[in-house]
Amino acid sequence: MIKLVYCLKRKTGTSREEFQQYWREHHGAFIASIAEKYRIRRYVQSHAVGSSLTEIMNQSRGLDGGDYDGVTEIWWDSEADFIEAASTAEGQELSRLFVEDEANFVDFAASRAFFTQEISIVGKLG
């Protein structure tokens, strides 16, 4: 399996609550509706919480404190499976649609995305 990890920063002028509501209720529902067509095996949103623990964690490690508003994780069976899904005419149109929707709530310049291979060390599933 491969996983896309997408660290999201909300658009300027959008409250965290507005960002999370749109992401969960509109964008999340959209991704769920196209998951089978795009060969998505799992989709998870992790919403940042307004906690002093984040600041403490950043300070303890000397991090710059530029926190994200959340993280999206999307799993596919393989890199080839993702490429095949994204390469079809339908896949390209779906990609265009979800990037277009992300533009409503995501600050692309301040966000980051990368593909990973998950290695479970504690709490192995299955």
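Considering Val49, Val5, the condition of being in contact (Cβ under 8 Å) with a residue 24 or more places away in the chain and either part of a strand (DSSP E or B) or exposed (fewer than 14 other Cβ atoms within 10 Å of the Cβ) (or both) is satisfied by Val5 alone. Kindly check whether there is at least one residue in the stretch 105-123 that is closer than 18 Å to Tyr43 by Cα and part of a helix (DSSP H, G or I). No - not one qualifying residue is present in the stretch 105-123. Report yes if some residue within the stretch 50-66 is modelled with pLDDT of 95 or more and within 24 Å of Asn104 (Cβ to Cβ); otherwise report no. Within the stretch 50-66, none of the residues are modelled with pLDDT of 95 or more and within 24 Å of Asn104 (Cβ to Cβ).
If we keep just the residues of the stretch 84-103 that are loosely packed, with under 13 Cβ neighbours inside 10 Å and of a type in the set (A, V, I, L, M, F, W, C), which is farthest from Arg39 (Cα to Cα)? Once the filter is applied, the top-ranked residue is Ala103. Looking across the stretch 5-56, just one residue is in contact with a Lys or Arg (Cβ under 6 Å, 6 or more places away or on another chain) and under 29 Å from Glu79 (Cβ atoms), and that is Cys7. Residues in the stretch 56-64: is at least one loosely packed, with under 10 Cβ neighbours inside 10 Å and closer than 17 Å to Val5 by Cα? Among the residues of the stretch 56-64, not one is loosely packed, with under 10 Cβ neighbours inside 10 Å and closer than 17 Å to Val5 by Cα, which makes the answer no. Looking at the stretch 13-21, can you tell me whether even one residue there is touching a residue at least 12 places away in the same chain (Cβ under 8 Å), of a type in the set (Lys, Arg), exposed (fewer than 14 other Cβ atoms within 10 Å of the Cβ) and within 22 Å of Glu102 (Cα to Cα)? Looking for residues that are touching a residue at least 12 places away in the same chain (Cβ under 8 Å), of a type in the set (Lys, Arg), exposed (fewer than 14 other Cβ atoms within 10 Å of the Cβ) and within 22 Å of Glu102 (Cα to Cα), one finds none in the stretch 13-21, hence no. Among the residues of the stretch 1-24, those identified as over 13 Å from Val71 (Cα atoms) and within 14 Å of the chain's Cα centre (by Cα) are Ile2, Tyr22.
Looking across Glu73, Glu100, one residue alone is modelled with pLDDT of 95 or more, charged (D, E, K, R) and assigned to a helix (DSSP H, G or I). It is Glu100. Going through the stretch 29-46 one residue at a time, which ones are over 13 Å from Val106 (Cβ atoms), within 10 Å of the chain's Cα centre (by Cα) and not hydrophobic (A, V, I, L, M, F, W, C)? Listed by number, the residues that qualify are Tyr43, Ser46.
The values are calculated or read from the model by the stated rules, or taken from the named source; none is laboratory data. These numbers were taken from a predicted model, which means no experiment stands behind them. Quick reminder, even Gly has a Cβ in these numbers, built from the backbone with ideal geometry, and neighbours come from all protein chains shown.
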